[in-house]
Each structure stands twice: as structure tokens, then as C-alpha cells.
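Asker: First, the structure itself, so that you have it in front of you.
The values are calculated or read from the model by the stated rules, or taken from the named source; none is laboratory data. Remember, it's a predicted structure, so these values are computed and weren't measured experimentally. Note that each Cβ is placed from the backbone with ideal geometry, even for glycine, and that neighbours are counted across all protein chains shown. Please note that ligands, DNA and RNA were not included when accessible areas were found on the heavy atoms of the full protein model with its side chains. Shrake-Rupley method; radii C 1.70, N 1.55, O 1.52, S 1.80 Å.
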Amino acid sequence: MAKIIAVDKGSIGEELGLEIGDELVGFNGEAIVDVLDYVYYDSQEFFTLNLKTKQGEAVDIEIEKEEIETLGLTLDESVQLEPIRCKNKCVFCFVDQLPKGMRETLYVKDDDYRLSFVSGNYVTLSNVGQKELDRIVKLHLSPLYVSVHAFDKQVKTKLVANPEAAKVFDKIKFLADNGIVMHTQIVLCKNLNDKDVLNDTLNELYKLYPQVKSTAVIPVGLTCHRQGLYPLETFDSQSASEVIDQVEKFNTSVGGDFCWCSDEFYIKAQRKLLDYSAYGDFWQIENGVGLCAEFVNSFDCALANVKGSDKAAEIAVITGQSFKGILAELCQKLKVKFPNVTVRICDIYNDFFGRTITVSGLVTPTDIIKQVDSMPKYTIIPSTMLREFTDTFLDGYTVPQLETAINTNIMISHGGESFVKLISQLTDMI
């Protein structure tokens with residue numbers, strides 16, 4: 001049961017006379033499991049609301065409403081989503097590679113199909129049995145985001161050290177057969193699930209297209225904190241290029257809108273990124289697939305429409321090693337509209353996690369403070385460096401703390417368009 005702690009004014013719930021303190025027992029005679037049951041039925045037109053009033057009376061209320069109308073209820077914490085913990089022991093798990101002393105929440109391994117639906121988290125479905133599969137179908141929790149890694153069950157078991165995870169394709173097929181859309185990812189580990197194993201995995205996934213809507217192939221991320229863990233190798237330029245060729249060939253063979261390598265593979269291979277048009281609806285952008293192309297495209301569009309300025313200014317931009325080349329090219333384009341603006345690119349080496357980590361999103365103030373000096377008045381950083389909806393970096397520093405440490409005013413860029421707008425605004429401010 002879930003206690004009602006608020007009823008919106010003008011809502012269906014208020015019209016029905018529901019009150020704070022009443023308890024929501026379930027729907028259509030089935031007990032409420034969590035808030036997703038409420039969210040699902042709140043979007044339906046016809047159902048029975050099973051209620052226990054604060055006076056202790058059991059009441060069944062027949063609901064008939066428009067889909068867009070809401071019961072307007074806020075429920076207590078008893079049905080809020082508490083993450084289901086991961087039961088796997090993946091050889092590539094990034095959490096196992098974190099240094100000590102970071103935020104406690106960073107060490108929590110979740111593997112929750114509900115958070116996959118709500119937040120786009122990738123899950124292995126290891127914790128999901130038939131009961132949960134049936135619930136996913138019933139509530140139509142679609143799309144889901146699923147980590148597959150390998151079709152071969154022996155390889156999959158070796159990767160995740162959990163035989164249950166090797167059943168993922170059986171579960172994916174069940175969900176696909178019942179109308180659930182899925183986006184999938186393959187964390188590629190050299191000499192484990194690459195080459196022929198990768199081809200088999202892509203083939204088996206595509207058999208379930210279009211319910212399996214897209215697949216991202218991303219290189220395993222290896223930090224310098226892997227003592228005692230499985231010995232994995234990083235992809236070098238040649239091996240990264242071979243992966244790109246393999247994935248592009250497969251994608252072309254099935255129409256060009258199913259699977260892609262992440263941008264990191266192209267950067268490792270020192271190859272030109274794909275054009276913006278190659279990524280379709282950018283299903284996998286949160287996986288770093290087409291992220292650079294989207295940034296460049298939105299940058300170019302914004303620059304074409306922004307009013308230029310002849311004012312002189314120096315602005316610093318902090319980035320990781322992988323994006324510095326692209327950023328340098330974009331800053332040259334700025335000269336067309338902002339000829340007297342000097343952009344100082346501060347490309348940070350990642351000593352906090354290890355220099356094999358090159359993405360901007362894992363840059364921390366611990367390294368920034370050591371590597372920059374004499375900063376200009378204003379500095380731009382990407383939003384990916386910060387925990388979502390906060391001003392906190394991975395190492396616990398906050399934006400104000402970093403501003404004080406390096407004596408600058410920090411502005412947050414949320415993509416290519418945002419970057420151009422910040423340059424324009426700062427030029428007027430300086």
C-alpha cells in the first residue's frame with residue numbers, strides 16, 4: 001500500500017474525494033508494487049482504484065477519464081524506486097575501477113529495469129525473471145536500454161561472471177515478441193567479445209529489429225585503479241580502426257540505421273568522424289555515439305545565426321584529450337564572427353583515473369587545478385563534467401570551489417549551440 005500525501009487541486013483525485021492519509025492499495029484488484037503502477041494506470045482511461053480510506057474502509061472506485069487527465073496524487077516514499085543492486089561481476093565494471101574517497105553514490109551498482117525505462121540506464125536484465133518480464137509487458141515499459149555484450153553464452157558468462165546474465169537474449173526475444181522497444185549496447189573488450197563474437201552478436205540483435213532499435217559498440221574504459229582485476233587491454237589505433245570497419249560494414253549491410261561505434265573509437269583510430277546525417281535519430285547519443293557530430297552541427301548552425309563582434313577577449317575552455325582536436329577546429333571557425341577573441345584550450349590529462357581515460361566527462365578539478373595556471377576572467381566547461389542537475393564534479397569538488405582554486409568565473413556549456421552563445425555573451429561582458 002502507498003499513503004497519499006498530497007492531492008492536486010482540480011484533479012480527478014480531488015473530484016473523487018480522495019484525501020491525504022488515504023492508502024492506495026492497488027489497481028484492478030492487484031497490489032501496487034511501486035510508483036510505476038500508479039504512473040501506468042494514471043495514463044489509462046478505464047480502471048478500478050482499490051483504496052483504503054484513512055478511516056480504515058476498503059473502497060473500490062471505478063475510474064473513467066481521458067488519458068491526459070490525472071488522478072493528481074502524490075504518494076509516500078514506500079513506493080518510490082529504490083535501485084535494485086547488480087548481481088554481476090563484470091570484468092570491465094567501471095565502478096570496480098574507481099579510486100577510493102569519492103561520493104558514496106558512485107560506488108552503488110544498480111541493475112534496475114525500472115530505472116532503464118525511467119532514466120535510460122543500461123541494464124543486463126540479470127535480476128529479471130518471468131514475473132518482472134510480464135510486468136514490463138503489462139505496464140509497457142518501453143523503450144528499455146539493455147547491455148548485451150555478447151550473444152555467445154560462454155563469452156557472456158566470462159564477461160559478467162553470472163550465468164543468469166547469459167540468458168539475456170532469451171529475455172530480449174520475449175520482450176521484442178511482446179512489443180517492447182529496446183536500445184542495446186556492447187562494451188567491447190579486446191580478445192573477448194570482439195571480431196567473430198561481435199559479428200554474431202550484431203547478427204542476433206538485428207534479427208529482432210525493429211524492436212531492437214539500435215546498438216552502440218563502445219570501447220571498454222580502463223582506469224589506473226585495476227589492481228587485482230581481470231587483465232584487459234586498451235584498443236590502439238589499429239585495433240580501433242578494425243572495429244570501426246567491422247561495425248560500419250555490418251551497419252551498411254542492414255540499411256545503415258542500426259549500429260554504430262562510439263565517437264571514442266574514431267578518436268582512438270585517428271579517423272574522421274561520421275557526418276551528422278549518418279546517425280539517424282541519434283538513439284545512442286548518451287553512449288557517445290554521434291555526440292561530436294551533434295555538437296559540431298549545432299555549433300555551425302548557431303555560429304551562422306549569431307551576431308558577431310570585433311571586441312577583444314580571452315576565454316578559456318577546459319576539455320579532455322579526446323575532444324581537443326575537434327574543439328581547436330571549431331575555435332578557428334569562431335574567427336569568422338569573433339576575429340579578436342582568443343580561446344585558450346586547456347586540454348587536461350586524466351591522472352585521477354589514468355591517462356587511458358580521455359573523455360571530457362571524466363575530467364576532475366583534482367587534475368585541472370594541477371595543470372592550469374593564470375586563467376582568464378572567464379572559463380567554459382562542458383556540462384558532462386558535472387553530476388546531472390548539480391554543480392558537483394566526480395571528485396566531490398563544486399564549481400564555486402574550482403572557481404576559487406583557479407581564480408576564474410566558470411560558465412557551463414550544454415552543447416555546440418550553448419557554446420557559441422556563451423562566447424557571444426562573454427565577449428559582450430568582457
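Asker: Once you have the Cα-Cα distance between His414 and Gln130, take 0.36 nm times their residue separation minus that, and quote the gain in nm to one decimal.
Answerer: Here the answer is 98.2 nm.
Asker: Testing the spin-label approximation: label points 7 Å from Cα along Cα→Cβ at Gln401 and Glu45. State their distance in nm.
Answerer: It is 5.4 nm.
Asker: Here's a follow-up. Let me know the shape class of region 146-237, please: from the alpha-carbon gyration tensor, a ≥ b ≥ c as square roots of the eigenvalues, rounded when a/c is under 1.5, otherwise prolate if a/b is greater than b/c, or oblate.
Answerer: Prolate, since a/c reaches 1.5 and a/b exceeds b/c.
Asker: Under the Karplus relation 6.51 cos²θ - 1.76 cosθ + 1.60, θ = phi - 60°, what is the ordered set of whole-Hz ³J(HN,Hα) values for region 33-47, x standing for Gly and Pro?
Answerer: Values, residue by residue: 9, 7, 5, 5, 4, 5, 4, 5, 5, 5, 9, 9, 8, 10, 5 Hz.
Asker: Pop out the ³J(HN,Hα) list for region 84-99 in order, Karplus 6.51 cos²θ - 1.76 cosθ + 1.60 with θ = phi - 60°, rounded to Hz; leave Gly and Pro as x.
Answerer: Karplus values, whole Hz, x for Gly and Pro: 6, 6, 6, 9, 8, 10, 5, 5, 10, 3, 6, 4, 5, 9, 7, x.
Asker: Give the shape of region 204-314 as rounded, prolate or oblate, defined through the alpha-carbon gyration tensor: a ≥ b ≥ c are the square roots of its eigenvalues, a/c under 1.5 means rounded, and otherwise the shape is prolate if a/b is larger than b/c and oblate if not.
Answerer: Judged from the Cα gyration tensor, region 204-314 comes out oblate (a/c at least 1.5, b/c at or above a/b).
Asker: Please list 3J(HN,Hα) in residue order for region 255-272, calculated via the Karplus relation 6.51 cos²θ - 1.76 cosθ + 1.60 where θ = phi - 60°; whole Hz, with x for glycine and proline.
Answerer: Using θ = phi - 60°, the values come out as x, x, 9, 10, 9, 8, 7, 5, 4, 4, 4, 5, 5, 4, 7, 6, 10, 5 Hz.
Asker: Before I look further, what does region 345-390 give for accessible area per residue, probe 1.4 Å, in whole square angstrom?
Answerer: Result: 46 Å² per residue.
Asker: How much accessible area per residue does region 129-207 have, in Å², with a 1.4 Å probe? Write down the numbers at each step before the final one.
Answerer: Numbers: 3270 Å² over 79 residues.
I get 41 Å² per residue for region 129-207.
Asker: So, one more: At most 16 other Cβ atoms within 10 Å and a DSSP loop assignment: could you name the trypsin sites (Lys or Arg not before Pro) in region 360-430 that fit?
Answerer: In loop regions of region 360-430 (DSSP not H, G, I, E or B), the sparsely surrounded trypsin sites (Lys or Arg not before Pro) are Lys377, Arg387.
Asker: Looking at the chain, which Cys residues are left with no other cysteine's beta carbon under 4.7 Å from theirs?
Answerer: Cys86, Cys189, Cys224, Cys259, Cys261, Cys292, Cys301, Cys331, Cys346, each lacking another Cys Cβ under 4.7 Å.
Asker: Same structure, new question: Pick out which of Ile368, Ile381, Ile61 has the largest mean-square fluctuation in a Gaussian network model of the chain, springs linking Cα atoms closer than 10 Å.
Answerer: Maximum among the listed residues: Ile61.
Asker: Please find, in a Gaussian network model of the chain (springs between Cα atoms separated by less than 10 Å), the residue of Gln270, Gln55, Gln44 whose mean-square fluctuation is greatest.
Answerer: Gln55
Asker: As a test question: what accessible area, to the nearest 10 Å², does Glu45 have when a 1.4 Å probe is rolled over all protein chains in place?
Answerer: Using a 1.4 Å probe on the heavy atoms, I get roughly 70 Å².
Asker: When only DSSP loop residues count, what trypsin sites (Lys or Arg not before Pro) in region 209-261 have their Cβ near at most 10 other Cβ atoms within 10 Å?
Answerer: Taking region 209-261 and a limit of 10 other Cβ atoms within 10 Å, no loop trypsin sites (Lys or Arg not before Pro) are found.
Asker: Using modelled backbone amide H atoms (1.01 Å from N, in-plane), which distant-in-sequence or interchain residues come within less than 5 Å of Phe151's amide H?
Answerer: Thr201
Asker: At 7 Å along the Cα-to-beta-carbon direction for both Glu30 and Ser383, put a label point, then send me their distance in nm to one decimal.
Answerer: A separation of 3.6 nm, rounded to one decimal place.
Asker: Along the positive direction of the dipole of the chain (beta-carbon charges: Lys, Arg +1; Asp, Glu -1; about the Cα centre), which of Ile61, His183, Ile20 reaches farthest?
Answerer: Of the listed residues, the answer is His183.
Asker: Given a 10 angstrom Cα cut-off, can you work out which residue in Gly101, Gly29, Gly228 is the most mobile in a GNM of the chain?
Answerer: Gly228
Asker: Using the heavy atoms of the protein chains alone and a 1.4 angstrom probe, what is the accessible area of region 260-304 per residue in square angstrom?
Answerer: In whole numbers, region 260-304 has 46 Å² accessible per residue.
Asker: Now, a different point. Among the GluC sites (Glu not before Pro) within region 209-255, which fall in a DSSP loop and have no more than 14 other Cβ atoms within 10 Å of their own Cβ?
Answerer: Answer by residue number: Glu233.
Asker: Now, a different point. Percent of accessible area on the chain owned by carbon and sulfur, 1.4 Å probe?
Answerer: Working: 10300 of 20440 Å².
Result for the chain: 50 percent of the exposed heavy-atom area is carbon or sulfur.
Asker: On to the next question. Rank Thr157, Thr105 by accessible area, highest first, at a 1.4 Å probe radius? Don't jump to the answer; show the numbers that get you there.
Answerer: On the way: Thr157 45, Thr105 80 Å².
Correct descending sequence by accessible area is Thr105, Thr157.
Asker: Just to confirm my numbers, what's the Cα centroid distance between region 400-430 and region 297-364 in Å?
Answerer: If we compute the Cα centre of each part, the gap is 11 Å.
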